[in-house]
Each structure stands twice: as C-alpha cells, then as structure tokens.
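What follows is a single structure, written as structure tokens, with notes after it.
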Amino acid sequence: MNLQSKQILLGLTGGIAIYKSASLLRRLVHDEGVDARVVMTKSAQQFMTPLIFETFSKKPVLTDMFSGGIVSTRHIDLANDSDLILICPATADIVAKTANGIADDLLSTIVLAAGNKTIFALAMNVNMYENPITLENIQKLKELGYGFIEPEEGDLACNNKGKGRLAEERIIIEYLDTWLNGKHLLKGKKVIVTAGPTREYIDPVRFISNRSTGKMGFALAEEAVKEDGNVLLITGPTMLKPPPGVEVIRVESAREMGKVLSENAGEADFLFMSAAVEDFCPANFSENKIKKSEPLKEIPLTLSPDLVSSFRANNPKVCIVGFSVEIEDGKNRSIQKLVSKNMDYIVWNDPSKEGTGFESDTNDVLMFSANGDEWYFKKNSKRKIAEMIIQTVVRNISSLPCGMLAP
Ligand code: C5P
C-alpha cells in the first residue's frame, strides 16, 4: 500500500453510511499519510457536522461554492490538484448528477471539472440501487472510466435487506491503492508500446496516413507504468500528451518505427503493437515539393515493411500483443493475423460497433491468444480496456510460453 502524500479529495454526500467515512478519513490521513481535503454537500451536513472531518483532515472542510476568500476558480483548482476524488458515501443523487453533467453545488461542480478521476463508493437503499435509472447512470459512468466500489449485501439502515451497504474500509483503501499504484504486475519488466499512425511521405510536405489518434497506445503506456513496467512508447504523430513516467521516442514513417523498434528490442519482455502502421507507402519520394503544374496522374505504392513480423524473427521470446481493425469476418481475419505474424495475443477492434474506433475515448474489443483462448472486454474507457488487456496478458503468461509459435 502506498498512499503517502497522495492528494485525495473526499466528497461526502447525504447517506447514513457517512459515519463510517469519519473513520475512513482518520485511517487515510493518520495511518496512510494521505493529504486529504473534504467537501460536504448540504445533505451530508444534516447527518454530521464538518468539525469531525476538519479534525481528522487537519484542514477546513469546504461546504459552499461561494464562501471564503477568492472563490472564482476554487472548484477547478480542487479538481486539478487532486490525484483522485473519492465520494463516500455516494448516493444515487450524486451518481445521477454526474451522469447527466449537473453541477449545482461545490461537490458536483468539482466532479464535473475533474473528469473521470472520481471514484464512487456506493451506499444507498436497495431499491434505489436496483432502480434501472441508477444502474443505467452507473453503467454510463463506468464506460467513461469513472471508478465504482460496489455496495455489499446485508441489513440496511432502512430495515430492508439487500445490496446497498457501504463496502468495508479495507476494500475501499485497497481500491484506492490499486487505482493509483496498480498491482505491480509489470515490476522489473521492459515494455515497449507503439502508438499512433505513421506517415509515408510523397514529397517533403505530403504524405499518406490514417485516422489513428494514438489514444489506445497512450492508454496502454499509462497503465503499463501504473503496473510498475519500465515503459518505452514509440509513437507516430499525435496531439496527445505522453503519460508521466514513460520514455517517448517520436517517429514518422513505418521504416523509422521499425528502426527504433529493433534498436530498442534488447531485453524487452512485452511489445504492445497498437500503432496503425500505414500499409501503403509511396514507391518514390520526391526530394522537392511536387508542383501543381507537374502532370502527376498517379502515385505508385508499395507495401510498408511488416514491423511486427521482423521484430518476432529477431526476438522469439518477447510476448507480443498485436491489434487489428476489421469489420467483415473480423474474428477469423484477426486470428489469421495472429498466426501469420506469430504474435501471442491479438486485440480485435470492430469500428462498426458504437463507441469504438480511432477518435473514440471508449473501446469494445475481443482478444484472442495463440493457444486458442478468447476474452471479451465490453465497452469501457480506453484506459480501462488497457488495464484489462494488460492484466489478462500478464496473468495468462504462465499458460502461454511467449513466442510459442516461433520456430
Ligand atoms: O495492419 P494489420 O491489420 O495487419 O495490423 C495487425 C498488427 O500488425 C498490428 O499490431 C500492427 O501494429 C502490425 N503491423 C506491423 N507492420 C505493418 C502493418 C501492421 O507491424 N506494416
């Protein structure tokens, strides 16, 4: 467990389980060294006063959008400065507000400004939890990458029995630790991730490329760092900011990517080949910009070198995870690629499915292994899909000797 000096904003909403949050806060600050700020909604203050939370966090509790000093951008600062926001207890109301973009008090405004670094520790009446409206709101937020600590079954304060009790303190703290620090699955491992498109130049200013944005590859790099991997990200041109803790090498063409890959292959344990290497490459490159007046009727093309096949030929032991984008007969075509390129796993994207594809922040994929296993990762944020791919690959490694198809 390493939560030392992490900046956690604890949001308290109006549920009876709030009394457990006082003990949770004490443990986070006193035992785990967390730097906590507390925000209470109006309803939360009906159950408990701020004093106990001020005492445990050693800081004033924030309750109001408009009171105290300079307030104009306080919600934005609180959102930006926190490593994560934990809402505990989280009522059906705060989930519904977030799912619908409502920002009508300090807490909901911070949550909206913070994006998907909020975790909801759910606690509510079983009927409110099981109401399809609440379940739909939860599902919508999960797909956007928000975290959920599910409630437990048992006796509820309203005399009902069922799912709705706040999870145990230990489970909440473990969830926070995994969210921030991963499970250390890649400790001591060298991981190469390729991302983005490549550009194949016709002349100094024109090129052939594709719509890849690099989002999936950057998410894989981010998750691999979280899992303690020593991560090298080789990326084609993208607008994305690389995640902290990753070594980045930027390239443009497929040939450049292949060169950097082979130069850095030494001692690699994993290659996540998510780059959309452009298949076609102009047969000739004009050193000078081709003029409009020149009668250019066609651009002869050749196929780009197959980077992953060359990498495999020289690195038989590395675990290679490839990615395919296919619509018709996608499953079979993906498995054929897995076999012909001698990869260990392949992740199949079907861009005709809703919430998938190049620009999307979400994905919905199937993954196949060289020994015939198959996994479905249903629609979720690319970050969560990356986490599931990495966890599944690493956990199954013992049943799949990497490069098993290598001669
Ligand atoms: O483009 P294709 O569907 O064949 O891509 C499957 C896998 O092969 C991907 O992981 C991609 O990064 C890789 N690839 C490659 N070199 C190419 C084309 C694709 O390594 N020229």
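Taken together, the values in this text are just the output of simple stated rules run on the coordinates, not laboratory data. Remember, it's a predicted structure, so these values are computed and weren't measured experimentally. Please note: Cβ atoms are built from the backbone with ideal geometry, for glycine as well, and neighbour counts cover all protein chains shown.
Could I have the simple spin-label model distance between E298 and I171, label points 7 Å from Cα toward Cβ, reported in nm to one decimal?
Simple spin-label model gives 6.5 nm for this pair.
Taking a spot 7 Å from the Cα of E263 along the direction of its beta carbon, which residues of the stretch 219-236 have an amide N less than 13 Å from it?
234-235
Please name which of V347, T238, I171 has its Cα lying farthest along the dipole of the chain towards the positive end, using unit charges on Cβ (Lys, Arg +1; Asp, Glu -1) and the Cα centre as origin.
T238
Going down the table (K140/K382; K259/K382; K183/K384; K97/K215; K189/K226), which pairs top 20 Å between alpha carbons?
K259/K382; K97/K215
Please give the peptides 367-374, 241-248, 193-200 ranked by average Cβ packing (other Cβ atoms within 10 Å per residue), highest first, as a rough proxy for protection.
193-200, 367-374, 241-248
Hey, rough spin-label estimate for N80 and I133, points 7 angstrom out along Cα→Cβ, what's it come to in nanometres?
3.6
Determine which aspartates and glutamates satisfy two conditions relative to K341: a Cα distance under 12 Å, and not lying fewer than 8 residues away in the same chain.
D306
Any idea how far the Cα center of the stretch 229-281 sits from the one of the stretch 290-312, in Å?
Taking the Cα centre of the stretch 290-312 as reference, the centre of the stretch 229-281 is 21 Å away.
Taking other Cβ within 10 Å of each residue's Cβ, how do W348, W375 sort, fewest first?
Taking fewest neighbouring Cβ atoms as first place, the list is W375, W348.
Within straight cross-link reach of K163, meaning Cα distance under 20 Å, which aspartates and glutamates are found once same-chain residues fewer than 8 apart are removed?
Reachable aspartates and glutamates: D93, E130, E136, E150, E152, E153, D155.
Rounded to the nearest 20 debye, what is the charge dipole size of the chain about its Cα centre when +1 sits on each Lys and Arg Cβ and -1 on each Asp and Glu Cβ?
Once rounded to the nearest 20, the dipole reads 320 debye.
If you take the square roots of the eigenvalues of the alpha-carbon gyration tensor of the stretch 13-53 and sort them as a ≥ b ≥ c, do you get rounded (a/c under 1.5), prolate (a/b over b/c) or oblate?
It comes out prolate by the Cα gyration axes.
Report, largest value first, the span of the C-alpha coordinates of the stretch 52-133 along each principal axis, in whole Å.
Taking max minus min along each principal axis of the Cα atoms, the stretch 52-133 gives 42, 28, 23 Å.
Provide E223, E294 in ascending order of the number of other Cβ atoms located within 10 Å of each residue's Cβ, fewest first.
E294, E223
Net charge around D364, counting only other residues with Cβ within less than 15 Å of its Cβ (Lys, Arg = +1; Asp, Glu = -1)?
+2
Excluding residues fewer than 8 places away in the same chain, name every one of the aspartates and glutamates whose C-alpha is closer than 17 Å to that of K187.
D177, E222, E223, E227, D228, E247, E267, D269, E387
Taking every pair of distinct Cα atoms and averaging 1/r, then inverting, what Kirkwood hydrodynamic radius in Å comes out for the chain?
Here the Kirkwood hydrodynamic radius works out to 23.5 Å.
If packing is taken as the average count of other Cβ atoms within 10 Å, what order do 45-53, 267-275 fall into, highest mean first?
Result, highest mean Cβ count within 10 Å first: 267-275, 45-53.
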